[in-house]
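The values are calculated or read from the model by the stated rules, or taken from the named source; none is laboratory data. Nothing here was measured: the structure is a model prediction, and the numbers come from that model. Please note: Cβ atoms are built from the backbone with ideal geometry, for glycine as well, and neighbour counts cover all protein chains shown. Only protein heavy atoms, including side chains, enter the accessible area calculation; ligands, DNA and RNA are left aside. Shrake-Rupley method; radii C 1.70, N 1.55, O 1.52, S 1.80 Å.
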Amino acid sequence: ENTLDKTKVQQKIFEAFSNPTLKQSTQSWVKNVYDRLKFTKEENLACQTQLIELLQNDVNLISSFSLKILKQISTEKTFDWSFFIDSLDGIVYRKKFNGGLKLALGMLYKKLKKDDKKLEKTCLNLAPIFLQEENSIQVEAVKVFSLLKTKNEAIRNALEPFISTMHSETKSA
């Protein structure tokens, strides 16, 4: 308290998360330090770019942690939905990330239901999610795609390579 600049500590934590040689036990420890510092929405919002970039991290613990914080700040007007949507490729192909995928899909559905300006782009970026074998992930993804009001050739073309990995209910939906 009042010994170290909190924003500098926050930046050092992001550097640690980005270190590929960080051991799993240390990653967990760093995540807990971040949690205990109780950064405000404003402090996290100021670092939203770094939080979104953590979606690209190979470690599920770090990406899940980042998504949890992003969900907390996603209701703010200054949340960068475009960058978040552009960064979906960091998670749509990931294996054993069901909770994170459901969280991201829930965030997207909630946002796009209110404001569908980025719906087409989101669906194009989400198309590879149908490589996920878990039925519940595909069901959640279908909810986002169901927000489309009209047939869309670009999205149909984007989905084409993934039809073979879709569950039958997903294909019919």
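Run the numbers on region 63-140 and let me know its relative contact order in percent, using alpha-carbon pairs under 8 Å that are six or more apart. This gives 38 percent for region 63-140. Largest accessible area first, the residues 83, 130 order themselves as 83, 130 under a 1.4 Å probe with ligands, DNA and RNA left out.
Volume per residue, Å³, of the convex hull around the alpha-carbon atoms of region 64-162?
91
222 nm [θ] for the chain, helices only, -39500 (n - 2.57) per DSSP H run of 4+, per residue, to 500? Counting only the DSSP helices, I get -18000 deg cm²/dmol.
Scaled against 2.2 N^0.38 Å for its residue count N, the alpha carbon radius of gyration of region 107-173 is 1.03.
Using a probe of 1.4 Å on the protein chains alone, the accessible area found for residue 61 is around 60 Å².
Residues 162, 84, ordered by accessible area of protein heavy atoms at a 1.4 angstrom probe radius and largest first, appear as 162, 84. The listed residues 93, 109, 34, once ranked by accessible area (1.4 Å probe) with the largest placed first, stand as 93, 109, 34.
Mean silhouette area of the chain, derived from the convex hull of its C-alpha atoms and averaged over all directions, reads 10.5 nm².
Spacing of the modelled spin labels on residue 75 and residue 95, each 7 Å from Cα toward Cβ, amounts to 3.7 nm. So, for region 65-171, what is the accessible surface per residue at a probe of 1.4 Å, expressed in square angstrom? In whole numbers, region 65-171 has 53 Å² accessible per residue. Here the dipole of region 72-170 is about 300 debye; that uses its Cα centre as origin and unit charges on the Cβ of Lys and Arg (positive) and Asp and Glu (negative). What a 1.4 Å probe finds exposed on the chain is 52% carbon and sulfur by accessible area, rounded to a whole percent.
Just to confirm a number: summing +1 for Lys and Arg and -1 for Asp and Glu over residues other than residue 93 whose beta-carbon lies under 13 angstrom from that of residue 93, what do you get?
Working: positive: 94, 95, 96; negative: 58, 89, 133.
Here the count lands on 0.
Neighbours of residue 50 by Cβ distance under 13 Å: Lys/Arg scored +1, Asp/Glu scored -1, total -3.
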